[in-house]
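S.K.: Please find one structure pasted underneath; my questions will follow.
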Amino acid sequence: MLDPRLLRSDLTGVAAALARRGFVLDVETFAALEEQRKAVQIEADRLRAERNANAKAVGQAKSKGQDAAALMAAGESLGEQLQGVEKQLEAIQAQVSSLQLGLPNILHSSVPDGQDESANVEVRRWGHPRQFDFTPKDHVALGERIGMDFESAGRISGTRFVVLTGGLARLTAPFAQFMLNLHVGDHGYREAYVPYLVHSTALVGTGQLPKFEQDQFAVRGDPGFYLIPTAEVP
């Protein structure tokens, strides 16, 4: 989520930056909600201060043996008013948060403007692409010869899945262990085994929800869970 302070201090600049990636920010709606939030926040602070002052007056009246009934009644009224304003503030803040969570990230200034990949700029090149005297096969065609079974996976789970068999299946564990050994042993990382199922708050905190709700696999229940897309979420 974008820094709320940036949205409040430079809403026009944020809108212009988002427009570079084809996103239209509803500036009027956001600005109106922000004005409402400020006004309600000020009212909540005023009522809270008045309630505290009233509570102090009640204590002073009682300590002097005076009748504090009127002050206590006023305190109850102030409490009810404050409760209503706080609910109003919570509702406005929920709308603001919903808008903020739906915003994409701002592009870096070095990213070129463009509608598609044709506007990309080549920054540098390392090495030379290999030239073949035959038409190379793609990884699917090569994989099917050594144990990648897309047809069976399609019947079991649908598209975008694969069944690995034989030596190719046996390679997956050593590859994973090699990666762990390399980064833990040589690069200073600490290995962690994290849950595969998380609450929605973890996905909100890492920017997966609500933007990419349709891309998640959910486990419905009470409480509900989501399968993690990557280990960075937990």
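The values are calculated or read from the model by the stated rules, or taken from the named source; none is laboratory data. What you see is a predicted model; the values in this text were computed from it and never measured. FYI the Cβ positions are ideal-geometry reconstructions off the backbone, even for glycines, and counts take in every protein chain you see. Keep in mind that these areas ignore ligands, DNA and RNA; they rest on the heavy atoms of the full protein, side chains included. Shrake-Rupley method; radii C 1.70, N 1.55, O 1.52, S 1.80 Å.
S.K.: Work out which GluC sites (Glu not before Pro) in the chain are exposed loop sites (DSSP not H, G, I, E or B, at most 16 other Cβ within 10 Å) and give the longest gap free of them.
M.R.: Longest gap between qualifying sites, sites excluded: 1-121.
S.K.: Heads up, I need the accessible area for Ser110: 1.4 angstrom probe, whole protein in place, Å², nearest 10.
M.R.: About 90 Å², rounded to the nearest 10.
S.K.: Using the basic label-point model (7 angstrom from Cα toward the beta carbon), what is the Glu43 to Met1 distance in nanometres?
M.R.: 2.3
S.K.: While we're here: Using only the alpha carbon atoms of the chain, find the Kirkwood hydrodynamic radius as the inverse mean reciprocal pair distance, in angstroms to one decimal.
M.R.: Across the chain, the inverse of the average 1/r is 24.8 Å.
S.K.: If I ignore ligands, DNA and RNA and count only protein heavy atoms, how much of His199 is accessible to a 1.4 Å probe, in Å² to the nearest 10?
M.R.: The accessible area of His199 comes to roughly 90 Å².
S.K.: Here's something else I'd like to know. Across segment 30-36, in residue order, what do the Karplus-derived ³J(HN,Hα) couplings come to in whole Hz, using 6.51 cos²θ - 1.76 cosθ + 1.60 with θ = phi - 60° and x for Gly and Pro?
M.R.: Listing the rounded values in order: 5, 5, 5, 5, 5, 5, 4 Hz.
S.K.: Between Thr135 and Ala94, what is the label-to-label distance in nm when each label sits 7 Å out along the Cα-to-Cβ direction?
M.R.: My value for the distance between the label points is 5.8 nm.
S.K.: Treating cross-link reach as a plain straight distance, find the aspartates and glutamates whose alpha-carbon is under 17 Å from the alpha-carbon of Lys56, omitting any fewer than eight places away in the same chain.
M.R.: Those aspartates and glutamates meeting the cut-off are Asp45, Asp67, Glu76.
S.K.: Another one. Quick one: order Met72, Met148 from most to least accessible surface, probe 1.4 Å.
M.R.: From most exposed to least exposed: Met72, Met148.
S.K.: Same structure, new question: List residues of segment 216-234, by number, whose backbone nitrogen lies under 19 Å from a label position 7 Å along Cα→C-beta of Tyr189.
M.R.: Output list for this probe position: 228-234.
S.K.: Go through segment 145-161 residue by residue and turn each phi into a ³J(HN,Hα) via Karplus (6.51, -1.76, 1.60, θ = phi - 60°); whole Hz please, and just put x for glycine and proline.
M.R.: 7, 10, x, 8, 10, 7, 5, 5, 4, x, 5, 6, 10, x, 6, 6, 10
S.K.: Let me ask another. Just tell me the longest site-free run in the chain, where the sites are chymotrypsin sites (Phe, Trp or Tyr not before Pro) in a DSSP loop having at most 15 other beta-carbon atoms within 10 Å.
M.R.: That would be 24-125.
S.K.: Starting at the first residue of segment 12-21, write each ³J(HN,Hα) from the Karplus equation 6.51 cos²θ - 1.76 cosθ + 1.60 with θ = phi - 60°, in whole Hz, x for Gly and Pro.
M.R.: 5, x, 5, 4, 5, 5, 5, 4, 4, 9
S.K.: A follow-up question, please. Where in segment 91-165 are there trypsin sites (Lys or Arg not before Pro) that are in a DSSP coil and have at most 16 other Cβ atoms within 10 angstrom of their Cβ?
M.R.: Hits after loop and neighbour filter: Arg124, Arg125, Arg130, Lys137, Arg160.
S.K.: To continue, here is another question. Suppose only helical runs count, i.e. DSSP H with n ≥ 4. What mean residue ellipticity at 222 nm does that imply for the chain under -39500 (n - 2.57) per run, divided by all residues and rounded to the nearest 500 deg cm²/dmol?
M.R.: Using -39500 (n - 2.57) per qualifying helix, the result is -18000 deg cm²/dmol.
S.K.: Let me ask something else about it. Using amide H atoms built in the peptide plane, which far-off residues or other-chain residues are under 5 Å from Val163 H to H?
M.R.: Correct list: Asp149, Phe150, Ala153.
S.K.: I would also like to ask the following. P(r) for segment 133-234, please, calculated from all Cα pair distances in 10 Å bins and given in %.
M.R.: Calculated P(r), rounded to whole percents: 12, 26, 32, 26, 3, 0.
S.K.: Oh, and also: Kirkwood hydrodynamic radius of segment 19-81 from all distinct Cα pairs, in Å?
M.R.: On the way: mean 1/r = 0.0686 Å⁻¹.
Taking the inverse mean of 1/r over all distinct Cα pairs, segment 19-81 comes out at 14.6 Å.
S.K.: Report the Rg/Rh value for segment 77-187, based on alpha-carbon coordinates and the Kirkwood definition of Rh.
M.R.: Computed over Cα atoms, the ratio is 1.24.
S.K.: Distance from a point 7 Å along Cα→Cβ of Asn52 to each backbone N in segment 68-104: keep the residues under 18 Å and list them by number.
M.R.: Those under the cut-off are 75-76, 78-83, 85-86.
S.K.: Using only protein heavy atoms and a 1.4 Å probe, report how much of Ile42 is accessible, in Å² to the nearest 10.
M.R.: 120
S.K.: Charges only on Cβ, +1 for Lys and Arg, -1 for Asp and Glu: so what's the dipole of the chain about the Cα centre, in debye to the nearest 20?
M.R.: Here the size comes out at about 500 debye.
S.K.: May I pose another question? When only C-alpha pairs under 8 Å and at least 6 residues apart count, what is the relative contact order of segment 79-230, in percent?
M.R.: 15
S.K.: Here is a further query. Using a Gaussian network model of the chain with C-alpha springs under 10 Å, which one of Gln88, Gln115, Gln36 is most mobile by mean-square fluctuation?
M.R.: Gln115
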